[in-house]
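The values are calculated or read from the model by the stated rules, or taken from the named source; none is laboratory data. All values derive from a computational prediction rather than experimental measurement. With ideal geometry, Cβ positions are generated from the backbone for all residues, glycine too; neighbour counts draw on all protein chains shown. Ligands, DNA and RNA are stripped out before the accessible areas are found, and what is left, the full protein with its side chains, is counted by its heavy atoms. Shrake-Rupley method; radii C 1.70, N 1.55, O 1.52, S 1.80 Å.
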Amino acid sequence: MEFSLSKLYPHLSDLFYFMDFDDPNGGKRDGGTSFVIKNLKTFYFSKLNAKFIAIFDNDAEGYQSQCILLNEIKKWPDNFRILLYPEIDLFKNYPTEAPNGHILLDNINHKACSIELYLPDNIIKSNGEYLPIEWESRKKIKTKEGKEELLYQGVISQKDDIKKKFHQLRKSIERDESTLYAQDWSRMQLLLEKIIFAFKNNK
């Protein structure tokens, strides 16, 4: 996300700071949605005036995390935003792998839209077809309206290969061996715009 912001919106990249998972001195912090929740609540109770954006994957785990924060603290201050990656039309009819191996189209919003799904097509396609979603565990989620919702958590197949392809492309772009075309990164642009305009929109 930080790389995409620096290339697609270079004039804005200095306005945002992304929390690191490690530092040059060998220090490391834990990752995962549970630690985002913990960190954001720490910032809240510290009464800090800086602006904070927590943005979660648009999958079952991310949606559950957003609901936890909105349920535990009913009224967040105006300097906080708790968001999900944007819903996109492509994800309303995206290929998923059924238990019998058949490929079925399904709406994967709030179920399986991790950061990989927002990368260019040439990274998440194989032989011209989008890599399907594989279903994992089912989660019981209490929505901010107080209702219970059951959703399956899904992940895109060949995730490790996708990461390798992205890092290869990123390094190639940084070495000026490849060109970043904005139209190829349209989904990532929508994600970044949700961050950029977070404090111009309603929570």
Accessible area of region 69-181 belonging to carbon and sulfur atoms, whole % at 1.4 Å probe = 45 percent
remark   = Under the Karplus relation with 6.51, -1.76 and 1.60 and θ = phi - 60°, whole-Hz ³J(HN,Hα) for region 146-159, x at Gly and Pro, equal x, 8, 9, 9, 9, 9, 7, 8, x, 9, 5, 5, 6, 4
inquiry  = Through the Karplus equation 6.51 cos²θ - 1.76 cosθ + 1.60, θ set to phi - 60°, convert the phi angles of region 55-71 into ³J(HN,Hα) values in whole Hz; use x for Gly and Pro.
reply    = 10, 9, 4, 8, 10, 5, 5, x, 4, 4, 5, 4, 5, 4, 5, 6, 7
ask   = How large is log10 I(q)/I(0) at q = 0.10 Å⁻¹ when the Debye formula is applied to the Cα atoms of the chain, each weighted equally and without solvent?
value = -0.48
request  = In a Gaussian network model over the chain where Cα atoms closer than 10 Å are linked, find which of Asn122, Asn93, Asn25 has the largest mean-square fluctuation.
outcome  = Asn25
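Among the listed pairs Lys74/Lys139; Lys47/Lys140; Lys139/Lys159; Lys51/Lys194, which are separated by more than 24 Å between their Cα atoms?
Violating the 24 Å Cα-Cα cut-off are Lys47/Lys140.
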query = Long-range amide H contacts for Lys111: which residues qualify at under 5 Å (H placed 1.01 Å from N, peptide plane, sequence gap of 5 or more or a different chain)?
reply = Ala60
note = Once amide hydrogens are built 1.01 Å from N within the peptide plane, the residues lying 5 or more places from Ser126 or on another chain with amide H under 5 Å from its amide H are Leu131
request  = Please calculate how many Å² of accessible area region 1-114 carries per residue, with a 1.4 Å probe and no DNA, RNA or ligand atoms counted.
outcome  = 59 Å²
ask   = For Tyr118, Tyr17, what's the largest-to-smallest order of accessible area, 1.4 Å probe?
value = Tyr17, Tyr118
ask   = Considering only DSSP states other than H, G, I, E and B, which GluC sites (Glu not before Pro) in region 123-203 qualify as loop sites with at most 11 other Cβ atoms within 10 Å?
value = Glu145, Glu177
request  = Please turn the phi angles of region 191-197 into ³J(HN,Hα) values with the Karplus equation 6.51 cos²θ - 1.76 cosθ + 1.60 (θ = phi - 60°), one per residue in order, whole Hz, x for glycine and proline.
outcome  = 5, 5, 5, 5, 6, 4, 9
ask   = Sorted by accessible area (1.4 Å probe), largest first, how do Met19, Met188, Met1 line up?
value = Met19, Met1, Met188
ask   = Pick from Ile133, Ile55, Ile73: which residue has the top mean-square fluctuation in a GNM of the chain where Cα pairs under 10 Å get a spring?
value = Ile73
task = Run the 1.4 Å probe and let me know the accessible area of Asp20, rounded to the nearest 10 Å².
result = 80 Å²
